[in-house]
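Have a look at the structure below, then the notes.
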Amino acid sequence: MSGVSGWIRAQPWISLVARAGLGAMWLYYAVPKLSYSSDALGLAVRQYQILPTGLANAFGTVQPYLELAFGVLVILGLGTRLTAALSGLLLLVYIGGIISLGARGIAINCGCGGIASKAEAGHTRYTLDVLRDLGYLVPAAWLVWRPRSPLALETALLGDEPSHD
Amino acid sequence: MSQSNRQGKVTARERMAAAQAAERAKTRRTRQLLTTGIALVVIAAVVGIGAAVKSSSSSSSASAFAAPTGSVVDTYVDNRTHTSDPTAIEYGSPDAKVTMTVFEDVRCPFCDIFEVGAGDTYKKFVDAGEVKVDFHIVKLIDVNDQSAGENASGSRNGGSALACAQNAGLFDQYHDVLYANQPAETTDPWSDPSALITLARKVPGLDTPAFESCVKNTTYGGFVDQNWVDFNTLKLQGTPTVEINGTALTNAQLFSASSTAGVTANTASDGQGANTTAVQAALQAAVTKAYGNTTPTPWATASATASATASSSAS
């Protein structure tokens, strides 16, 4: 019985840590990109050769702001479950994109035009990138399951919520 | 009598508890809808503002830039960019009927493989007066590095230095020197202009005070920037992009895993060499189509430059 109540006491703090981690991750990736030109942002997505050019440019331009919004919302604790779910979706998109590059043998770390390169260096980095993004999925998935945590704006704004989930 | 009263009280208590629970549940659902709604509005607002900011500061319209002597409008590029800007450095006879458009970056490894490996191949056609090469020097590697958080400027500096060499009439020689001494892609020594000046000393007559000042001031940085804008307008995938009379050569035509032409220690791990056979064939086909049975006048400048360099390195 004490195990269950111990768990109930610990869960909100685990969620708080998850919020901090996921939010910090998004801000860390989003903030540098805010100052890039739309040319650079569009090219980065075009190199994946997945989306048609117009969509790739649009997605590239919007991407830093999407990540920024997710980071801010998660850190503030506003719409945590929704933002965590959308974060997970975006991470899955990134993971899929990297796996697709590896499968087609496209090396874009040099940006020298999708030539099928047998360089192991490119593939090794893809593996690390996928593992890293999979790691970020963990706090996102946790927050979809257990979004309640202390120091959340949604609690303060709209009154105390019931003690049970 | 008391039995039914007790039952009545329990039912009322239960009803009140149930009503309170339903009220709490309703409040919770409303609250969840509100927070979700606010979050969605915030996301949409941030994304919307961001997209508006980015598109208004888009560099599709570049400011005036300095262009080196003799830079030309590449008609095969201008018919897509419609800027009428002279953004290309032309190598070859202006009367040549076949134009080879090359978008390249001085730091780009595959451009190095192409230039070192297939340079002799295409220069034969240039010397014969049949093909002119319109070089568009871009800063793709710099931009790539910047998107990884690094401050890079070697592509832009190197491109500007090439334009300085064009002013001095020594573009081809300096172009060869840069590609023969290309640094590893993960390094950026050319962000320091003095490195570019040191390399210029390998070209007799290039290292003058005017050239040094041109390189140190990155005088033709805007020229490289405009080519980068054009690269994006044309929605090119990468460098090198090589077109013959506007038709792009495929990667398979440019590079081959069974070739080692142009491969150096820095590029050995890429596993591809320049496909000189295919490049030769493509250029020959275009030349035959353009000239038929006629033979153009050889390009006088090339012969003069080649013999001048040969005699100075022999002395």
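The values are calculated or read from the model by the stated rules, or taken from the named source; none is laboratory data. If you're wondering where the values come from, they're calculated on a predicted model, not measured in any experiment. Counting neighbours? That spans all protein chains shown, and the Cβs are built from the backbone with ideal geometry, glycine included.
The table that follows gives values for the structure above.
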| quantity | calculated |
| --- | --- |
| Residue that is modelled with the highest pLDDT [pool: residues in the stretch A:46-56 that are surrounded by fewer than 21 Cβ atoms within 10 Å (Cβ to Cβ) and in a helix (DSSP H, G or I)] | A:55 |
| Criterion: more than 13 Å from chain A (Cβ to nearest Cβ) and hydrophobic (A, V, I, L, M, F, W, C) - qualifying residue of B:279, B:263, B:242 | B:279 |
| Check on residue A:82, within 10 Å of chain B (Cβ to nearest Cβ), among the aliphatic types (A, V, I, L, M), crowded, with 18+ Cβ neighbours inside 10 Å and part of a loop (DSSP other than H, G, I, E, B) | no |
| Matching residues, the stretch A:16-38, being facing another protein chain (nearest Cβ under 7 Å) and in a helix (DSSP H, G or I) | A:32, A:38 |
| Hits in the stretch B:239-259 (condition: at positive phi and under 18 Å from the mean Cα position of the chain (by Cα)) | B:246 |
| Residue A:41 vs. criteria part of a helix (DSSP H, G or I), under 19 Å from the mean Cα position of the chain (by Cα), buried (at least 18 other Cβ atoms within 10 Å of the Cβ) and facing chain B (nearest Cβ under 9 Å) | yes |
| The one condition in (1) at pLDDT 85 or above; (2) not assigned by TED's automatic domain parsing to the domain that holds residue B:99 that residue B:268 fails to fulfil | (2) |
| Helices (runs of 4 or more DSSP H) (entirely within the stretch B:36-155) containing at least 3 residues that are touching a residue at least 12 places away in the same chain (Cβ under 8 Å), out of contact with any strand residue (DSSP E or B) (no Cβ under 8 Å at 6 or more places or on another chain) and within 14 Å of chain A (Cβ to nearest Cβ) | B:140-147 |
| Qualifying residue in the stretch B:189-210 (condition: in a loop (DSSP other than H, G, I, E, B) and either under 27 Å from residue B:146 (Cα atoms) or within 14 Å of chain A (Cβ to nearest Cβ) (or both)) | yes |
| Residue B:275 buried (at least 16 other Cβ atoms within 10 Å of the Cβ) and either outside the structural domain of residue B:291 (by TED's automatic domain parsing) or at pLDDT below 90 (or both) | no |
| Count of the stretch A:64-75 residues which are facing another protein chain (nearest Cβ under 9 Å) and either among the small types (Gly, Ala, Ser) or surrounded by fewer than 22 Cβ atoms within 10 Å (Cβ to Cβ) (or both) | 4 |
| Any hit, the stretch B:142-155, residues being aliphatic (A, V, I, L, M), in the same structural domain as residue B:290 (by TED's automatic domain parsing) and touching a helix residue (DSSP H, G or I) at 6+ places or on another chain (Cβ under 8 Å) | yes |
| Count of the stretch B:211-239 residues which are assigned to a helix (DSSP H, G or I), of a type in the set (S, T, N, Q) and either in contact with a Pro (Cβ under 9 Å, 6 or more places away or on another chain) or within 14 Å of chain A (Cβ to nearest Cβ) (or both) | 4 |
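Residue-by-condition table, conditions (1) outside the structural domain of residue B:163 (by TED's automatic domain parsing); (2) among the basic types (Lys, Arg); (3) farther than 21 Å from residue B:237 by Cα; (4) crowded, with 21+ Cβ neighbours inside 10 Å:
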residue: B:35; (1), (2), (3), (4): yes, no, yes, yes
residue: B:41; (1), (2), (3), (4): yes, no, yes, no
residue: B:45; (1), (2), (3), (4): yes, no, yes, no
residue: B:84; (1), (2), (3), (4): no, no, yes, no
residue: B:96; (1), (2), (3), (4): no, no, yes, yes
residue: B:100; (1), (2), (3), (4): no, no, no, yes
residue: B:116; (1), (2), (3), (4): no, no, yes, no
residue: B:123; (1), (2), (3), (4): no, yes, yes, no
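Results for (1) in contact with a strand residue (DSSP E or B) (Cβ under 9 Å, 6 or more places away or on another chain); (2) at the interface with chain B (Cβ under 8 Å from one of its Cβ atoms); (3) modelled with pLDDT of 95 or more, shown as yes or no for each residue.
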| residue | (1), (2), (3) |
| --- | --- |
| A:88 | no, no, yes |
| A:97 | no, no, no |
| A:101 | no, no, no |
| A:112 | no, yes, no |
| A:118 | no, yes, no |
| A:124 | no, no, no |
| A:136 | no, no, no |
